[in-house]
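Following: one structure in C-alpha cells, then a few remarks.
The values are calculated or read from the model by the stated rules, or taken from the named source; none is laboratory data. On a predicted model such as this, the values are computed, not experimentally measured, just so you know. Reconstructed Cβ throughout: ideal geometry from the backbone, glycine too, with neighbour counts over all protein chains shown.
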Amino acid sequence: MKYVLIIPDGCADESQDSLGEKTPLQAANTPHMDAIARAGIVGQTDNVPESMPSGSDVGTMSLFGYDPLKFHTGRAPLEAAAQGIELAPGDWAIRCNLVTVVDGKMKSFTAGQISNFVGAELVELMQRSCCGSEHWKFFKGVSYRNLLIYRAREGKAPFAEDTYTVPPHDITDQKIDEHLPLGSGACDLRALMEKSVELFAESKSNQQRADEGELSATQAWLWGQGSRPDFVPFVDRFGVRSAVITAVDLLRGIGTLLGWDIIEVDGATGYLDTDYAAKGRAAMEALNGDYDFVVVHVEATDEASHEGDAPAKVKALEEIDEKIVGPVHEHLKSLGDYRILVCPDHPTFLRTKTHSHGYVPFTMCGLGVEQSKSESYDEIVAADSGDTIDAGHELMGRFLQS
C-alpha cells in the first residue's frame, strides 16, 4: 500500500473580485485534483486550534497527525532540527528573519528575497556583536531565513510561555511598534533587534543592494521561539516508512523529528519559481523505493498570498495540479493499492496577505475510500460536503487506516 499527501501551502482562500468572485481554487484549472474528488471524497478540516497562532508550524503538525495543543512548543525548534542543531534541555531556538522596515512599517519580511551571500554576512555581523556572551549563537540559513539559539548552559533561559512574538509575514505594510516582542525575555530580543539596525547599516554588501535599486535588510526580526518538542516517532504510530519533499526548513525539521527521511530536490526554491516537475519526479522515484508514505509540500501558493498576487496563486495551483498531482496520481495507479490526499495546512488570504484560522478543503481517493460524487475540489464544495473534521490531527489516522 502506497500513500501520498500533497500540501499546496496556504491555498485555501476567499472569493476574489479579481477572479470573478471565485476563490483561487475555483478559478484555477485543476483537472487532476478534481479527478481525485470525483473518485473519492471532499471534506474540510480545521488544522489550527483557535487558541494558537495560524502558521505552517501548527497547521502541518496537525496535518501530520499530531495535536499541536500537545506537541507544539514553537516554530524555531522545528527549523533547528532541519539544520541538525541539537537543543539541550533549557535551550531555546528563535527564528531570525532579515527584513526591510521603511518609515516604521514592515516593507518586506524577506528583505527582497535577499541573497544567501549577503544574508550570511549579516548573520556573521550579528554573531560577532554577541561574541562576549556564551549564550547566544546565530546560525545562517537560506536567504532571509536564519536562526538564533539561546544556550542555557547551567543557567535558566529568560524565556517562558508568556514570551510573545509576531511573525513578520503577518504584519506586511503595518507599523512594527505594535508588534514587538513582549513578556519574558522580550527586552533581550528587542535589544538584539535594535542592535541589528546599526550593524546592517554598516554592511557594504547590504548597502550595495540599495544602491542598485534592490531592497536591503534594515534589521533582524526575532520570533517563533521555543524549546525542543517531544514527538512520538511517526512509524511507531502509523507503521509506515515515510519521506518528505520540501524546500522549507520548517517542514524538514518536523520531518526529521518524526523520523522521516528528507528528500532534497534540485530547483526546489520554496518560492513561485520552484521546479514543480522536479518535485513530482522525486515523489515518483521515492514511491518506487522502500517508502510507504511520501509527502510533497509546495510553498508557492502561500508565497503568492503573502504578496497579494491572485494571478500568481492561480498559476501556482495549476502548476501543482499539472506537474505534481497528475503525474503522481497516475504513477500510484501503476503501483497497486494506494491512497492520495491533497490538503493545505491553513488558509492564507490574499486580502490580508497573511495566515488565517478556519477550515481548509481536502480531497482523497484510493483503496477503501468511498465515492461522495463531488465534481470538483474547492472550499465551497468542501463546506457543503457534510464531511467536517474539527480537530485536524484526526485526518491523518483516517487517511492511513487499513
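Could you tell me whether any residue of segment 85-107 is in a helix (DSSP H, G or I) and free of Cβ contacts under 8 Å to residues at least 40 places away in the same chain? Checking segment 85-107: not a single residue is in a helix (DSSP H, G or I) and free of Cβ contacts under 8 Å to residues at least 40 places away in the same chain. All conditions in (1) hydrophobic (A, V, I, L, M, F, W, C); (2) within 18 Å of His135 (Cα to Cα); (3) modelled with pLDDT of 95 or more hold for Leu63, with the sole exception of (2). Within segment 1-58, being surrounded by 24 or more Cβ atoms within 10 Å (Cβ to Cβ), among the small types (Gly, Ala, Ser) and part of a helix (DSSP H, G or I) holds for Ala37, Ser56. With respect to Asp309, is the statement that it is in contact with a strand residue (DSSP E or B) (Cβ under 8 Å, 6 or more places away or on another chain), assigned by TED's automatic domain parsing to the domain that holds Ser242, surrounded by fewer than 21 Cβ atoms within 10 Å (Cβ to Cβ) and at pLDDT 95 or above true? Taking the combined requirement at face value, the residue does not satisfy it. Kindly establish whether Leu272 is surrounded by fewer than 23 Cβ atoms within 10 Å (Cβ to Cβ) and touching a Pro at 6+ places or on another chain (Cβ under 7 Å). For Leu272, the condition - surrounded by fewer than 23 Cβ atoms within 10 Å (Cβ to Cβ) and touching a Pro at 6+ places or on another chain (Cβ under 7 Å) - is not met.
Quick check on my filter: what residues within segment 147-166 are touching an Asp or Glu at 6+ places or on another chain (Cβ under 9 Å) and not β-branched (Val, Ile, Thr)? Scanning segment 147-166 gives Leu147, Tyr150, Arg151, Ala152, Arg153, Ala157, Pro158, Phe159. Among the criteria (1) in a helix (DSSP H, G or I); (2) closer than 24 Å to Pro77 by Cβ, the one Arg128 does not fulfil is (2). Take the residues in segment 292-336 that are farther than 26 Å from Thr388 by Cα and either among the basic types (Lys, Arg) or assigned to a loop (DSSP other than H, G, I, E, B) (or both); name whichever of them is nearest to the chain's Cα centre (by Cα). Result: Glu307. Only one of the listed residues (Thr246, Thr256, Thr218) is touching a residue at least 12 places away in the same chain (Cβ under 8 Å), β-branched (Val, Ile, Thr) and not assigned by TED's automatic domain parsing to the domain that holds Ala282. That residue is Thr218.
Condition check: more than 30 Å from Gln16 (Cα to Cα) and not acidic (Asp, Glu). Does Ile262 satisfy that? So Ile262 fits the description; yes. Only residues that are more than 17 Å from the chain's Cα centre (by Cα) and farther than 27 Å from Thr110 by Cβ were counted across segment 230-279, and they come to 15. Scanning segment 350-376 for residues that are in a loop (DSSP other than H, G, I, E, B) and either over 21 Å from Asp309 (Cα atoms) or not hydroxyl-bearing (Ser, Thr, Tyr) (or both) yields a count of 16.
Tell me yes or no: at least one residue of segment 148-157 is modelled with pLDDT of 95 or more, within 21 Å of Thr100 (Cα to Cα) and not hydroxyl-bearing (Ser, Thr, Tyr). Checked segment 148-157: at least one residue is modelled with pLDDT of 95 or more, within 21 Å of Thr100 (Cα to Cα) and not hydroxyl-bearing (Ser, Thr, Tyr). Checking Gly224 against (1) at negative phi; (2) outside any loop (DSSP other than H, G, I, E, B); (3) in contact with a Gly (Cβ under 6 Å, 6 or more places away or on another chain): exactly one of these is not met. Which one? So Gly224 meets the others, but not (1).
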